[in-house]
1. Between M143 and A35, what length in nm is gained on full extension when 0.36 nm per residue of separation is reduced by their alpha carbon distance?
2. Could you grab the relative contact order for region 114-194? Cα pairs under 8 Å, six or more apart, rounded to a whole percent.
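What follows is calculated from the coordinates using simple rules that are stated; it is not laboratory data. Remember, predicted model here, so these are calculated numbers, not experimental data.
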Amino acid sequence: MKKLIAMLLAVMLVASLAACGNNAGTAGTTEAKEAVPASALEILETVWGAYAEDDKFFVYGGNMGENVVENAPGKFDITDTDGLTYTLLVPAAQQAKIDGAASMVHGMLANNFTCGVFHVTNAADAEAFAAAMKTAVNENQWMCGMPEQLLITVVGGEYVLVAFGLEDAIKPFNEKLNTAYPQANQICFEAIAG
């Protein structure tokens, strides 16, 4: 009888330790894992929505032409490869790595503020895509004024956000981005090489 009671107590102890171990592992995983946004547009809408109305500036989103959205971010049609290169500075060699995008550009002068969010098809390519975008922005031949600040952040491991413009526009945008997505991986927040 004593052996049976000792064996039952041992089984209960092992079961309770296993349950505690599983709960601790689950809680740690949940806290460390960042939620993946549903789309590139969701990221921009979330950040832009955090601005007070008095702090917003005139913007347009999406592609120029049929898809343009006034005073809000918009979905960018990635089949417009010229627009990806000209407006958002995505090198032609990098365009095959993305399958979705959204944009928000200052309505008066793109060099004041331009932001693109790109969904990379393979999350393993996110940092390489970010590095290529950093090079593209820093090596761009600017006309009509030069942007001052470059921000590149990976959100949810699958979305690369690239914003450049005047420091007064990029700094508050970065603060709102960090508040909305605190676990995002900031690749760079620095002055543009001039």
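1. Going from the current span to full extension adds 35.1 nm.
2. Dividing the mean separation by the residue count of region 114-194 yields 37 percent.
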